[in-house]
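The values are calculated or read from the model by the stated rules, or taken from the named source; none is laboratory data. None of the values given here were measured: they were computed from a predicted structure. All Cβ positions, even for glycine, are placed from backbone atoms using ideal geometry, and neighbour counts span all protein chains on display.
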Amino acid sequence: MADHHDIPALIADMGQRARIAARTLAQMPTEAKARALRAAAGAIRAAAPAILDANARDMAAGAANGLSPAMLDRLKLDERRIDGIVAGVEAVAALPDPVGERIDARTRPNGLHLSRVRVPVGVIGIVYESRPNVTVDAAALCAMAGNAAILRGGSEAVHSNRALHAAFVEGWTAAGGPADAVQLVPTTDRAAVGAMLAADGLIDLLIPRGGKSLVARVQAEARVPVLAHLDGINHVYVDASADRAMAARIVRDAKMRRTGICGAMETLLIDAAYCHPAELVATLMKAGCTVRGDDAVREIVPGLEPATPEDWDTEYLDAIASVALVEGVDGAMAHIAAHGSHHTDAIVAEDAEVAERFLRQVDSAIVLWNASTQFADGGEFGLGAEIGIATGRLHSRGPVALEGLTTYKWIGRGAGQIRGGTSG
């Protein structure tokens, strides 16, 4: 491996080895990939004590460095979360293999048969922050979809990432998986990110998973295609027709189940005709949430902090929510269009016509009816795990799992057909 001090050479070496591994992976039978992933899951389970020790080092350093409670929650591993990581790998191993799947087919009038078939992307670079589970989720998904992965985690999770990666590779290779299929950048030098962004010809797709500054840098500097995971400025709109108990239950869960994840509600929109707005605010406050309201909400619930214009465009990732009264579903959709991040938005309503309008017209990757925004998660979608929630419009939207990590090629089967002539 290249010297860590020569970052471009290091990334180039990793990329070249990843390309060789990707060719092997692309031809691995489904059961061989699944068997290697199950072995990787077993190795992670066996290494749990060492992984937890490594995570304790990261947690102590994070607390000393002033990481926010939300960031520390993202960083933290415990036995339950390791069990979840293991279960995620096992779930990916059990999923249908997208590689080789025929998307569609047609036969032309001249008899030429054409079909589109899913194939791996190749080498995927993932740049991420805070959450060590991404190390394993990304490794498992990329491998099952036939791709090699180059992982660059954040410095705050360096020991956790290394322990998880070592365990994964130990199990994966013991069961016949190519070692270079999943590589972890061994340095926390930020220049490694720049080298990955410039690795045109070595990395086929780059996925950033982190805060605004990371995603903005990747989008501005990348010379390879990017699949972006942007802010989760998510809304729950409670319509006048909403069931009272259901609305309170969903609002509380959407905000407070885990405040530091991208699927957490940041803004609550309440129909001005809804009969119990103060109850929704009280539900949040009783759960320990700080509420910032617009003028109309503060008239109903005196003493609330005022919401500033910046609040409507803020991903808190904390026990803070902004709340506004809106004029029906049209007011809610206008607010979401002006301030949303195209991630996840939900409506609570018993009026099916209103709900269907919301589902059709809200332009987000995930739109929900009578369900918490915290379902914005690949595991909850039956995808096993995810690399992130894609909020753009091209290639993949919503939870990026196996299909989102493939592309396709056209295959033509003929019987001697030629174009003929001189045109075209």
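Within region 214-227, residues that are within 16 Å of Ile124 (Cα to Cα) have Cβ atoms under 7 Å from residues that are of a type in the set (S, T, N, Q) and in a loop (DSSP other than H, G, I, E, B) in these pairs: Leu227/Ser396, counting only partners at least 6 apart in sequence or on another chain.
Is it true that some residue in region 362-372 is exposed (fewer than 15 other Cβ atoms within 10 Å of the Cβ), within 27 Å of Asp243 (Cβ to Cβ) and either of a type outside the set (Gly, Ala, Ser) or outside the structural domain of Val136 (by TED's automatic domain parsing) (or both)?
Quick first cut of region 362-372, residues exposed (fewer than 15 other Cβ atoms within 10 Å of the Cβ) only: 363, 369.
Keeping just the survivors that are within 27 Å of Asp243 (Cβ to Cβ) gives 363, 369.
Checking which are either of a type outside the set (Gly, Ala, Ser) or outside the structural domain of Val136 (by TED's automatic domain parsing) (or both) leaves us with 363, 369.
Scanning region 362-372, I find at least one residue that is exposed (fewer than 15 other Cβ atoms within 10 Å of the Cβ), within 27 Å of Asp243 (Cβ to Cβ) and either of a type outside the set (Gly, Ala, Ser) or outside the structural domain of Val136 (by TED's automatic domain parsing) (or both), so the answer is yes.
Residues Ala247, Ala242, Ala273, Ala254: which one is in the same structural domain as Val323 (by TED's automatic domain parsing), of a type in the set (Gly, Ala, Ser), in a loop (DSSP other than H, G, I, E, B) and surrounded by 21 or more Cβ atoms within 10 Å (Cβ to Cβ)?
Details: Ala247 fails: in a loop (DSSP other than H, G, I, E, B); Ala273 fails: surrounded by 21 or more Cβ atoms within 10 Å (Cβ to Cβ); Ala254 fails: in a loop (DSSP other than H, G, I, E, B).
Going through Ala247, Ala242, Ala273, Ala254 in turn, the sole match is Ala242.
From the list Ala94, Ala70, Ala63, the one residue that fits, being touching a helix residue (DSSP H, G or I) at 6+ places or on another chain (Cβ under 9 Å), of a type outside the set (Lys, Arg) and more than 27 Å from Gln183 (Cβ to Cβ), is Ala63. On the stretch given as region 109-157, residues that are free of Cβ contacts under 8 Å to residues at least 60 places away in the same chain, in contact with a strand residue (DSSP E or B) (Cβ under 7 Å, 6 or more places away or on another chain) and not in a helix (DSSP H, G or I) total 4. Counting only residues that are polar (S, T, N, Q) and part of a helix (DSSP H, G or I), region 318-366 holds 1 of them. From the list Ala273, Ala240, Ala278, Ala264, the one residue that fits, being farther than 19 Å from Ile11 by Cα, without any contact (Cβ under 8 Å) to a residue 24 or more places away in the chain and of a type in the set (A, V, I, L, M), is Ala278. Considering region 115-131, and only residues there that are aliphatic (A, V, I, L, M) and under 28 Å from Ile411 (Cβ atoms), the residue that is surrounded by the most Cβ atoms within 10 Å (Cβ to Cβ) turns out to be Val123.
Just one of the numbered conditions (1) exposed (fewer than 14 other Cβ atoms within 10 Å of the Cβ); (2) touching a strand residue (DSSP E or B) at 6+ places or on another chain (Cβ under 9 Å) is not true of Phe358: (1).
Got at least one residue in region 171-193 being surrounded by 23 or more Cβ atoms within 10 Å (Cβ to Cβ), in contact with a strand residue (DSSP E or B) (Cβ under 6 Å, 6 or more places away or on another chain) and among the small types (Gly, Ala, Ser)? Within region 171-193, one or more residues are surrounded by 23 or more Cβ atoms within 10 Å (Cβ to Cβ), in contact with a strand residue (DSSP E or B) (Cβ under 6 Å, 6 or more places away or on another chain) and among the small types (Gly, Ala, Ser).
Count of region 392-419 residues, restricted to those that are part of a loop (DSSP other than H, G, I, E, B) and modelled with pLDDT of 85 or more, is 10. Of the residues making up region 250-289, those that are among the polar types (S, T, N, Q) and under 20 Å from Gly340 (Cβ atoms) are Thr259, Thr267.
The set of residues in region 282-307 that are under 15 Å from Leu269 (Cα atoms) and under 29 Å from the mean Cα position of the chain (by Cα) comprises Thr283, Leu284, Val291, Arg292, Ala307. Would it be correct to say that Ile387 is over 14 Å from the mean Cα position of the chain (by Cα) and part of a loop (DSSP other than H, G, I, E, B)? Against the criterion (over 14 Å from the mean Cα position of the chain (by Cα) and part of a loop (DSSP other than H, G, I, E, B)), Ile387 does not qualify. For region 90-106, the count of residues that are touching a residue at least 60 places away in the same chain (Cβ under 8 Å), in a helix (DSSP H, G or I) and crowded, with 21+ Cβ neighbours inside 10 Å is at least one.
Scan Ile411, Ile418 and give me the residue that is surrounded by fewer than 10 Cβ atoms within 10 Å (Cβ to Cβ) and either among the β-branched types (Val, Ile, Thr) or touching an Asp or Glu at 6+ places or on another chain (Cβ under 7 Å) (or both).
Values: Ile411 fails: surrounded by fewer than 10 Cβ atoms within 10 Å (Cβ to Cβ).
Checking each option against the conditions leaves just Ile418.
Within region 202-213, the residues that satisfy the criterion of being surrounded by fewer than 18 Cβ atoms within 10 Å (Cβ to Cβ) and in contact (Cβ under 8 Å) with a residue 12 or more places away in the chain are Gly211, Lys212. Here Glu315 clears all of (1) under 16 Å from Leu269 (Cα atoms); (2) touching a residue at least 40 places away in the same chain (Cβ under 8 Å); (3) crowded, with 22+ Cβ neighbours inside 10 Å except the condition numbered (3).
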